[in-house]
Every structure is written in C-alpha cells, then in structure tokens.
Amino acid sequence: MYPHMKLLALISLLISASLLHAQDAAKNRVPLLREGTQIVEAEGQLSRKNANDPIRITINRSSGTQQDSCIVLPNKRLAEMELTNVENPESTFRVSGDVFVYGEHNYLLVREAVVLAKHAERNHPTSVPLDPTSESLEVGDFDDSISDIVKDLEDATGSLVRSIRMASDKPVAKSAVLEGLKITSRRCHLVRNDAGAWIAVFVSDSTGLSDPPCTLLPSVAFGKLTLWMRTQNPSTPVLLSGEVCNYNGHGFLLVRSWRAVHESDRLDR
C-alpha cells in the first residue's frame, strides 16, 4: 500500500472512531431539564471539583438509573447548605427549587432545603410496663419526670430530619440585599467585572436612593440579554424585572424579563 493511501486509511479510521465515540457519548448523556422545571423534595449531595469550579448538586431521577447534575445558584439556602457541609462533608439534602438553563448547563435555585440525618439506634425498654388492671401505684412509678420521658423518647426514635439553619448557632449577618425581593422594570446599566460577570448597577429613583449592584445569574433570559448587550453601547440603559438573591451579603439578580429603555420611559423607574 502506498504511503498516501496508508495516511488516508488512518484518517478514515480516526474519523470513524470519533463518530462512534460521539454517538456513545450522546447515548449516555443525560438531557438538560427544561427551564421552569420544579424540583420537589429531591435528595442529593453537594460537590465541587476545586475552588474555581461552581458548586453542584447531584440528584437521582425516579428511575434510579440516571442522575441530574445542576449548578446551584447562590442564595441564602446555598450558604446554609455550605455551612452544614463544613461540619459533615457527606451530608445529604432534601431540596425543592426551580431549574434554569444557560448554555449546556442546568442551574438550580434552591427554595427549601433540609439535611437528612441517620436513624438513631433504638433502645428497648428495660422496665416492665404498668399493669393496666392494677388498682394501686408503687412509689417507683413516679420516678420519671416529664423531661426524662421526653429524653428517653428522643434517644429511642432519633431525629430523622432537622432544619439546616439554627438561628442561635448560625446567626445571619445584616445586609442591604433583601433575599427574595421582586423588582419590576428597574432602570439600570450593565457592566462587566474583571472576572467577566455581568453586573446590574441600578439608577437612583426620584428620592435619590439606589439598590446595591447585583450580579446577574444565568438563565434563558440572561442569555438573550447579554447577547443583545454585546451589540449595544456599554452606557445603554435597560429595564430589568426579576428576583434578588443574597449570598453571604452579596447581591445577585435572577432576570425574569427585560427590555430596552425607550424615550417615553420615566427616569425614576
């Protein structure tokens, strides 16, 4: 076989192998969840490859054969889950929340989360229960106080599910960013920081007050907005509607809708 024919045969083999590999990868790849999908009381664990990677949660599907891996969006629930993971890196969470899509990734905004604890060992009673037909009570029958009885019950049954945030142990610092605040058609300018993130800088209203800047979170609306902004002058204002999230005192904005500012729009919005 001539050298150039051998080269062509090798290239053909490599192309065929790559195509077969791509087909196998497509078969094994879990499809993205649609934006707007609601996760209800799903169990999963947090993971992170390194400090520069986002935090993910892996959730088992009902079929038990596939898993969904979602990047967890920053908010107070995530901060609480991270605190719990510091104490126990193997923590399993039961979460509910909303799914968003950007690029080839799913993102989960956790609305509710509890950490699942293991069953406690059950202790069998060592004392003989009272005879229900007995007409008299012995002094020993009064030895247990109510607190002792409650403690015995807790030791026997254990706590299966507990709230993540204990207000006395993990107080939340005050912040100007209000978690869950809904904004409608707020006028702002979009800028990019050194890391490439898009930041919404809100224009002061008629009272001279302005909300703290917020980092925009990924979603379908975010993708369309940033694609449009790349064709505009950096000083072009825009009207945003969405929900504010607070993560360790920093503001983030989940954009639900947006539109360009028209001359007829009021300046105090």
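Filtering the stretch 78-97 to residues that are of a type in the set (D, E, K, R) and touching a Lys or Arg at 6+ places or on another chain (Cβ under 7 Å) leaves only Glu80.
A quick yes/no check of all residues on (1) in a loop (DSSP other than H, G, I, E, B); (2) more than 28 Å from Val255 (Cβ to Cβ); (3) acidic (Asp, Glu):
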site: Thr58; (1), (2), (3): no, no, no
site: Asp68; (1), (2), (3): no, no, yes
site: Ile71; (1), (2), (3): no, no, no
site: Arg77; (1), (2), (3): no, no, no
site: Leu83; (1), (2), (3): no, no, no
site: Val86; (1), (2), (3): no, yes, no
site: Phe93; (1), (2), (3): no, no, no
site: Ser96; (1), (2), (3): no, no, no
site: Phe100; (1), (2), (3): no, no, no
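Taking the stretch 150-240 and the strands (runs of 3 or more DSSP E) fully enclosed by it, the elements with 1 or more residues that are within 22 Å of Phe252 (Cα to Cα) and modelled with pLDDT of 90 or more are at 182-192, 198-202, 214-216.
All conditions in (1) surrounded by fewer than 21 Cβ atoms within 10 Å (Cβ to Cβ); (2) among the hydroxyl-bearing types (Ser, Thr, Tyr); (3) at pLDDT 90 or above hold for Tyr107, with the sole exception of (1).
Of the residues Arg192, Arg186, the single one that is surrounded by 11 or more Cβ atoms within 10 Å (Cβ to Cβ), under 13 Å from Arg256 (Cβ atoms) and of a type in the set (Lys, Arg) is Arg186.
The values are calculated or read from the model by the stated rules, or taken from the named source; none is laboratory data. Since this is a predicted model, take the numbers as computed values, not measurements. Here Cβ is always computed from backbone atoms with ideal geometry, including for glycine, and neighbour counts include all displayed protein chains.
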